[in-house]
1. Out of (1) more than 23 Å from residue 233 (Cα to Cα); (2) within 16 Å of ligand 1 (Cβ to nearest atom); (3) in contact with a helix residue (DSSP H, G or I) (Cβ under 8 Å, 6 or more places away or on another chain), what's the single condition that is false for residue 60?
2. Restricting attention to the stretch 68-82, and to residues there that are touching a residue at least 24 places away in the same chain (Cβ under 8 Å) and assigned to a loop (DSSP other than H, G, I, E, B), which single residue is nearest to residue 207 (Cα to Cα)?
3. Go through the stretch 221-246 and count every residue that is in a loop (DSSP other than H, G, I, E, B) and either touching a strand residue (DSSP E or B) at 6+ places or on another chain (Cβ under 9 Å) or at positive phi (or both).
4. Checking the condition assigned to a loop (DSSP other than H, G, I, E, B), crowded, with 21+ Cβ neighbours inside 10 Å and either within 16 Å of ligand 2 (Cβ to nearest atom) or more than 13 Å from the chain's Cα centre (by Cα) (or both), which residue from 24, 10, 65 passes?
5. Mind checking which residues of the stretch 195-205 are without any contact (Cβ under 8 Å) to a residue 12 or more places away in the chain and either outside any helix (DSSP H, G or I) or more than 12 Å from ligand 1 (Cβ to nearest atom) (or both)?
6. Are there any pairs with C-beta distances below 9 angstrom linking a residue in the stretch 38-61 that is at positive phi and at pLDDT 90 or above to a residue that is surrounded by fewer than 19 Cβ atoms within 10 Å (Cβ to Cβ) and not in a loop (DSSP other than H, G, I, E, B), with the two at least 6 apart or on different chains, and if so which?
7. Go through the stretch 11-38 and give me each residue that's more than 10 Å from ligand 1 (Cβ to nearest atom) and more than 10 Å from residue 115 (Cα to Cα).
8. For residue 208, work out the one condition from (1) exposed (fewer than 13 other Cβ atoms within 10 Å of the Cβ); (2) within 16 Å of ligand 2 (Cβ to nearest atom); (3) not in a helix (DSSP H, G or I) it doesn't fulfil.
Ligand SMILES: Nc1ncnc2c1ncn2[C@@H]1O[C@H](COP(=O)(O)OP(=O)(O)OP(=O)(O)O)[C@@H](O)[C@H]1O
Ligand SMILES: [Mg+2]
């Protein structure tokens, strides 16, 4: 598995943060040492999704030399490491791209698996740090405007030397005229579809609870799809192991 993955998109609101957090939690539960870094500097959301206190040390504090990298690592549920970004407008003041680049280098050296939650269209702060050789997965909903914008972002990333591994189709089943997998893939440079996350009401419920779906609702359709994606990225085949109680629960939910 690549150790540093950018989670990007063309359009906003397609599910990058949800995918990043749940993929991070799924990989953590599988025993990997994961850190999620919120690099959606203008509109950071990871802290909201995980109910991280608004006075937590942030990436912005580290970039501005006000805190060490270690201090900015928030341990969620005693498991998942998260480096949140500053949600206040003043946390953007004095943002020095060189200092930011240096912090990114430190992060890359320090952790085993790093998932970067990017801004839509990648975001200038992230693009400025590209050295070439990074890996990326792109998230899109299966509708043309989102897919077409994703294709543009993939092109920009490739021009910068980023290795785009594939596509995560999110909210499958939600759109009336949903694009087929083959259409999505052929519109986005023939990249493979690495995962399909279904439309699932437990996703917004979990966001409101501040708990990743894979942690709070592990039997939900979305949670199982995130786990499948995690296995795929690890290069492993997903074999679902359900206890008898899980099977009964699933049966009761479906009928
Ligand atoms: N599989 C899903 N099923 C149902 N709703 C979903 C699903 N995935 C995401 N959502 C909804 O979409 C919203 C946006 O998701 P998310 O914040 O992950 O997108 P984003 O791409 O990170 O947005 P932004 O570009 O603003 O950072 C969520 O608040 C959630 O309600
Ligand atoms: Mg987001």
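The values are calculated or read from the model by the stated rules, or taken from the named source; none is laboratory data. For clarity, every value in this text was computed on a predicted model and none was experimentally measured. Reconstructed Cβ throughout: ideal geometry from the backbone, glycine too, with neighbour counts over all protein chains shown.
1. The single condition residue 60 does not satisfy is (2).
2. Restricting to residues being touching a residue at least 24 places away in the same chain (Cβ under 8 Å) and assigned to a loop (DSSP other than H, G, I, E, B), the top hit is 77.
3. Taking the stretch 221-246 and keeping what is in a loop (DSSP other than H, G, I, E, B), we get 234-243.
Those still in the list that are either touching a strand residue (DSSP E or B) at 6+ places or on another chain (Cβ under 9 Å) or at positive phi (or both) too: 235.
Number satisfying all stated conditions: 1.
4. Just a single option satisfies the conditions, and that option is 10.
5. In the first step, residues of the stretch 195-205 are kept if they are without any contact (Cβ under 8 Å) to a residue 12 or more places away in the chain; the result is 201, 204.
Correct list: 201 only.
6. Matching pairs, first to second residue: 51/209.
7. First, pick out the residues of the stretch 11-38 that are more than 10 Å from ligand 1 (Cβ to nearest atom): 23-37.
Hits for the stretch 11-38 are 25, 26, 27, 28, 29, 30, 31, 32, 33.
8. (3)
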